[in-house]
Amino acid sequence: EPGSTTPALTTPGPRDAMPAFSERSGDWFYVRTDRYAIVHCSAQDSCSQLRSDPQGPIWPVPSPDSQRLAYLTWLNTPRLKVLSLSDGSVRDLGAAVVDCAPMWADDDHIWVLQSSERRPEWIEIDLKTGRRSGRRQQAGAETTDYRDCSMQESPLPTRYPQVRVVPSESSEIRAIRTPEWR
């Protein structure tokens, strides 16, 4: 990439995965799978563990206003959870299918894949009430396999800075900074 720097080791490894970037700042998040932990990294490259969840967090996704972090858990009954980045409180918003990351529609609404009558469908959750908003969309309506996580009408186009995951004997996350990412 023009103007990018040489990749540098960013995480301690050995099993760091699922990087996700904040829309409003250079902050980013990843899952440290060996500790069942979500880690927050600031734009200044300092990282700290935000939360350890014994149910195994996956798919961390920051809200558009960067005030909350949605994630799924995969052990036992998979759940959608939302972590407040200001006070550390966590809300469990119900069952989820772990195949696809949750998607923010706006700061107060999030889409999650759930199973209804053995068919996966996207359900929108209103965070003010903690309940379904009433909006839903059949998963995989445009494809034969819903695991591609696409929707006919995406609730929010996602923008992420350039990132590469460079695997070796153990996985590491290496970030490539571009002039646009500060």
Here's a check for you: in the stretch 45-58, which residue that is farther than 24 Å from T77 by Cβ and in contact (Cβ under 8 Å) with a residue 12 or more places away in the chain is surrounded by the most Cβ atoms within 10 Å (Cβ to Cβ)?
C47
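Conditions (1) outside any loop (DSSP other than H, G, I, E, B); (2) within 17 Å of W104 (Cα to Cα); (3) among the aromatic types (F, W, Y); (4) open to solvent by less than 10 Å² (accessible area, probe 1.4 Å), marked per residue:
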{"site": "P19", "(1), (2), (3), (4)": "yes, yes, no, no"}
{"site": "S25", "(1), (2), (3), (4)": "no, yes, no, no"}
{"site": "Y30", "(1), (2), (3), (4)": "yes, no, yes, yes"}
{"site": "P60", "(1), (2), (3), (4)": "yes, yes, no, yes"}
{"site": "D65", "(1), (2), (3), (4)": "no, yes, no, no"}
{"site": "A70", "(1), (2), (3), (4)": "yes, yes, no, yes"}
{"site": "N76", "(1), (2), (3), (4)": "no, no, no, no"}
{"site": "L80", "(1), (2), (3), (4)": "yes, yes, no, yes"}
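May I ask you to say which residue of D145, D65, D126, D99 is modelled with pLDDT of 95 or more and acidic (D, E)? Please lay out each step first, then the result.
Numbers: D145 fails: modelled with pLDDT of 95 or more; D65 fails: modelled with pLDDT of 95 or more; D99 fails: modelled with pLDDT of 95 or more.
The match here is D126.
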Can you tell me which residue in the stretch 82-109 is farthest from E124 (Cα to Cα), limited to those that are open to solvent by 40 Å² or more (accessible area, probe 1.4 Å) and in a strand (DSSP E or B)?
V90
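Scan the stretch 48-74 residue by residue and report those that are in contact with a His (Cβ under 7 Å, 6 or more places away or on another chain) and of a type outside the set (G, A, S).
Correct list: L50 only.
Only residues that are under 15 Å from the mean Cα position of the chain (by Cα) and either under 13 Å from Y71 (Cα atoms) or of a type in the set (K, R) (or both): list them for the stretch 94-106, please.
Initially, the stretch 94-106 is screened for residues under 15 Å from the mean Cα position of the chain (by Cα), giving 96-106.
Of everything in the stretch 94-106, those that are under 15 Å from the mean Cα position of the chain (by Cα) and either under 13 Å from Y71 (Cα atoms) or of a type in the set (K, R) (or both) turn out to be A96, V97, V98, D99, C100, A101, P102, M103, W104.
The values are calculated or read from the model by the stated rules, or taken from the named source; none is laboratory data. This one's a predicted model, so the numbers in the text were calculated from it and none came from an experiment. Cβ: placed from backbone, ideal geometry, glycine included. Neighbour counts: every protein chain shown. Quick note on the areas: whole protein, heavy atoms, side chains included, nothing else; ligands and nucleic acids left out. Shrake-Rupley method; radii C 1.70, N 1.55, O 1.52, S 1.80 Å.
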